[in-house]
Amino acid sequence: FEPVSARFVRFTVLATTDGAEPCVDELQVYAEGDPAANLALARSGAKASASGVLPGFAIHQIPHLNDGVLGNDRSWIADTAGTGWAQIELPAPARVRRVVWSRDAGDVPRFDDRLPKAYRIEVSLDGRTWRTVATEAGREGPSEYL
């Protein structure tokens, strides 16, 4: 999408392929001008939050959304069937150009359950007023280089 100023980036899952709780292993946010620097990393000061967490699974927690580690064993799972949202608060506003999400980009075998199939990506400067910048309709598809 075209670069847009944002401090918050939200990934809202509207439906999954199997109706189960959505699972995301990493949300990555990239700015205009530095396409290789993931602004969403916790070690850079970004903060992750979510609509909820499926209880009883220590490997599926909110901090895994931006820990920089790919794979199912370090993912977040929502606590509602088919829906949920995950959010990154950047340490400072940035001109965001690209958002990458993954289900289990680092694992072999890869899982195909809980995969978001309908979603929207929104940005905000204040965390209250949101603008949709992408949906599943604009998805580029799987990436083998991540």
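See the values below:
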| item | result |
| --- | --- |
| Segment 43-74, subset assigned to a strand (DSSP E or B) and among the small types (Gly, Ala, Ser), residue surrounded by the fewest Cβ atoms within 10 Å (Cβ to Cβ) | 49 |
| Residue identified as of a type in the set (Gly, Ala, Ser), within 12 Å of the chain's Cα centre (by Cα) and over 19 Å from residue 124 (Cβ atoms) among 102, 49 | 102 |
| Spans of strands (runs of 3 or more DSSP E) in segment 1-42 with at least 2 residues buried (at least 17 other Cβ atoms within 10 Å of the Cβ) and in contact (Cβ under 8 Å) with a residue 60 or more places away in the chain | 4-16, 26-31 |
| Flag for residue 126 being under 18 Å from residue 41 (Cα atoms), open to solvent by less than 70 Å² (accessible area, probe 1.4 Å) and among the charged types (D, E, K, R) | no |
| Residue in segment 80-96 that is in contact with a Ser or Thr (Cβ under 9 Å, 6 or more places away or on another chain), within 16 Å of residue 136 (Cα to Cα), touching a residue at least 12 places away in the same chain (Cβ under 8 Å) and open to solvent by 60 Å² or more (accessible area, probe 1.4 Å) present | yes |
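The values are calculated or read from the model by the stated rules, or taken from the named source; none is laboratory data. The model shown is predicted, which means the values in this text are computed figures rather than measured ones. Cβ coordinates were reconstructed from backbone atoms using ideal geometry, including for glycine residues, and neighbour counts include every protein chain displayed. These area figures cover heavy atoms from the full protein model, side chains too; ligands, DNA and RNA do not enter into them. Shrake-Rupley method; radii C 1.70, N 1.55, O 1.52, S 1.80 Å.
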